[in-house]
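Right, one structure below, let's go through it.
The values are calculated or read from the model by the stated rules, or taken from the named source; none is laboratory data. Since this is a predicted model, take the numbers as computed values, not measurements. All Cβ positions, glycine included, derive from the backbone under ideal geometry; neighbour counts span all protein chains shown. Just so you know, the surface numbers come from the protein's heavy atoms only, side chains and all, with ligands and any DNA or RNA stripped out. Shrake-Rupley method; radii C 1.70, N 1.55, O 1.52, S 1.80 Å.
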Amino acid sequence: MKHQVLIKMLTAAIALVLSANCGHTVVTTPEVHAIAADRITLDPDDAIWENAPTHIAKLIPQDLVEPRQMEPTTAEVRVKAIMKDGQIAFRMEWSDDSQNDAPGPRKPVDAAAVQLPAVIQANAPAPQMGEQGMTVEIAYWRADWQASVNGRPDGIQALHPNASVDHHPYEAKPLENNEEARRRAELRYAPAKALGNVRSGPREAAFEDLIAEGPGTLTPAPARHTSGIGKWSDTGWVVVFVRPIPNGFSATRPTQVAFAVWEGTHGEAGSRKMRTGWINLLAK
Amino acid sequence: MARVNNWQLGREMSYWYPEARPQKQFAAVFDTNKCIACQTCTLACKTTWTSGKGQEYMLWNNVETKPYGFYPLAWDLNLLDMLGGQNWDESGELPVYTGSTIFESAPAGERVLGWRPAEEDYAYANVGEDDCAGQVDGGTSLENSHDMAWFYYMARICNHCTYPACLASCPRGSIYKRPEDGIVLVDQGRCRGYQECVRGCPYKKVFYNAMTGTSEKCIACFPKMELGIQPQCFVNCIGKIRMAGYLNTPENAREDNPLDYLIHIKKVALPLFPQFGLEPNVYYIPPVHVPTSFTGQMFGPGVAKAIETYRSAATDADLAGLLGLFGSSERVMTRWRRIGETITGLDDDGNVLVSVPLREPVHIRPAFDPVQQVTRMNCT
Ligand code: SF4
Ligand code: SF4
């Protein structure tokens, strides 16, 4: 308890205190402050987030590699962070007037990412996806994956209720009682899945862990360690990312963090995105 | 951007990567005059490769009726509109494209000039494109409302371009052109479904699969081509309009390579929208009955000459004979020869794959069959 009071005092010393519409005061900080919390949560609506100050991260268009983001779209993301028992949780909240969670041709989906240097060092890697020999770790969340995790079935009818499909060969009668043969037949028409490139439903998590050493080098991380929940409301998205605390991160050893947002309505995917530069991440 | 040679344009052009031609280049000739729009090719492809979840709307092979048929909607018109009017200089021996390609017209921040079709643009393949344009009341005769007494069928697959826009568009390098045969593939392990290739390909022959979350495209039935067998849409073609093989560059053209002969020597088969700058590798014998003001835009400045050459086949035993090899074998015929009235397709080692006569023999059957004691109609 004492600890938390101290945190609040410290925070207040450098914070800008704003009055929010709901009557609560919003404490903002110029860096991302990861607050030591009683517990960690996956839920964006958990009351525990009220204890954490907000960092308002301004987003700028990705303008380093083609295709570039030529027009600014999402202006900012409001970030909070908490820590507990080796886990760090980031809560990203941004305004979005349309929920894009149904993928299709010319229908990119809403998405967000949190990026951290793989190794804490004085010289941070290049903020846009790292650089050769200086890896960044990226936790990536996607709205259609969230819909899949929330229970949306995996099939064209889930996206287009009136779609009629004549026949999928792997649903043929002779395969009905042989699940293994049916699965093999299905994978024959889904080469990405057969290769283990799980880019769509059904999914266990709405998140993916990646590493990169520069633009165009994004690769799946050896293991998935990020979990969380993304929630949509009329005002936009709130997504909680929970992942291990960066190795060596402490009150005396800060690191950096960067954020990115993709807005489906504006056709954003891949390098067409709004992003931040590095922002200091402090353990509080 | 690198400078590369595009022989279809008669000049160098800018491309995202340096010139790296494959050891040999998969290519094909389609004779539009023979296509009957039976869609057997479309079905052959569909059942072989795109019967999976998320592939329902995909036609790696499609056949559309020009001028009003499109798949996806307005795939060609949209880009022509974006590119604007462009010109060829036809004063020299070979035409030179003086206009701008989709690589050279790329807007700031983009890799190519492109656009992305919407879902509904794929939804109505072939619907309405062969219908008459107005209501015909009982007792009245059909008047041609659009003043054009022509149409033709365009069978389309991926062109396995020498300078693929799909490949150039991918910021991840997930698309590659095989050095051994020039076939262009999306690495399904690497693709992250950004749909940049869908936007970039002017022929709209890459498709996003919402169920795998990756983009997919025609693979030129490479497992078959590796065995020396032509792709599914070729061997199943009812109209025998297609021939698959490998194409050399014009300076290395060989008379005994069927595709070199038709494309480089006879110049009877032409690329589809060469002005886009991709050096596409499916070549079309243009429809002979369509005004060249239309086909010239689609197949480039060689159209009138190609039609003239094609019309001369009746008196050109080599050309007629080679066209007779189309659809005569499922094997890839990389060599051919004509000896007298016999045309032979061979493989690289000189093995005979098939021989066909220059003219099919005509059999006239008497109407009355004395064995069965019946009279039959002869229909040919
Ligand atoms: S036709 Fe389109 S998909 Fe095929 S190689 Fe060319 S650019 Fe790529
Ligand atoms: S199978 Fe041959 S004839 Fe039939 S539509 Fe296809 S290309 Fe045309």
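Brief remarks follow.
- Restricting attention to the stretch A:60-87, the residues that are under 16 Å from A:ASN280 (Cα atoms) and crowded, with 22+ Cβ neighbours inside 10 Å add up to 5.
- Residues of the stretch B:181-218 that are touching a residue at least 40 places away in the same chain (Cβ under 8 Å), within 8 Å of chain A (Cβ to nearest Cβ) and not in a loop (DSSP other than H, G, I, E, B): B:GLU196, B:VAL198, B:PHE207, B:ASN209, B:GLU216.
- Pick from the stretch A:100-125, criterion β-branched (Val, Ile, Thr) and surrounded by 23 or more Cβ atoms within 10 Å (Cβ to Cβ), ranking: farthest from A:LEU218 (Cα to Cα): A:VAL109
- Condition met for B:TYR203 (open to solvent by 20 Å² or more (accessible area, probe 1.4 Å) and not aliphatic (A, V, I, L, M)): no
- Test: residue in the stretch B:219-228 that is in a strand (DSSP E or B) and within 15 Å of ligand 1 (Cβ to nearest atom): no
- All strands (runs of 3 or more DSSP E) inside the stretch B:267-380 with 1 or more residues being free of Cβ contacts under 8 Å to residues at least 60 places away in the same chain: B:335-339, B:342-346, B:352-357
- Residue in the stretch B:110-118 that is within 16 Å of ligand 1 (Cβ to nearest atom), more than 12 Å from every other protein chain (Cβ to nearest Cβ) and modelled with pLDDT of 95 or more present: no
- When B:TRP75, B:TRP60 are checked against the criterion of being over 14 Å from B:CYS237 (Cα atoms), open to solvent by less than 40 Å² (accessible area, probe 1.4 Å) and within 16 Å of ligand 2 (Cβ to nearest atom), B:TRP60 stands alone in meeting it.
- Single unsatisfied condition, B:TYR71 versus (1) in contact with an Asp or Glu (Cβ under 7 Å, 6 or more places away or on another chain); (2) within 14 Å of another protein chain (Cβ to nearest Cβ); (3) not in a loop (DSSP other than H, G, I, E, B): (3)
- Set side by side, the residues A:ASP154, A:ASP97 differ, and just one is in a loop (DSSP other than H, G, I, E, B), open to solvent by 30 Å² or more (accessible area, probe 1.4 Å), away from chain B (no Cβ under 14 Å) and not small (Gly, Ala, Ser), which is A:ASP97.
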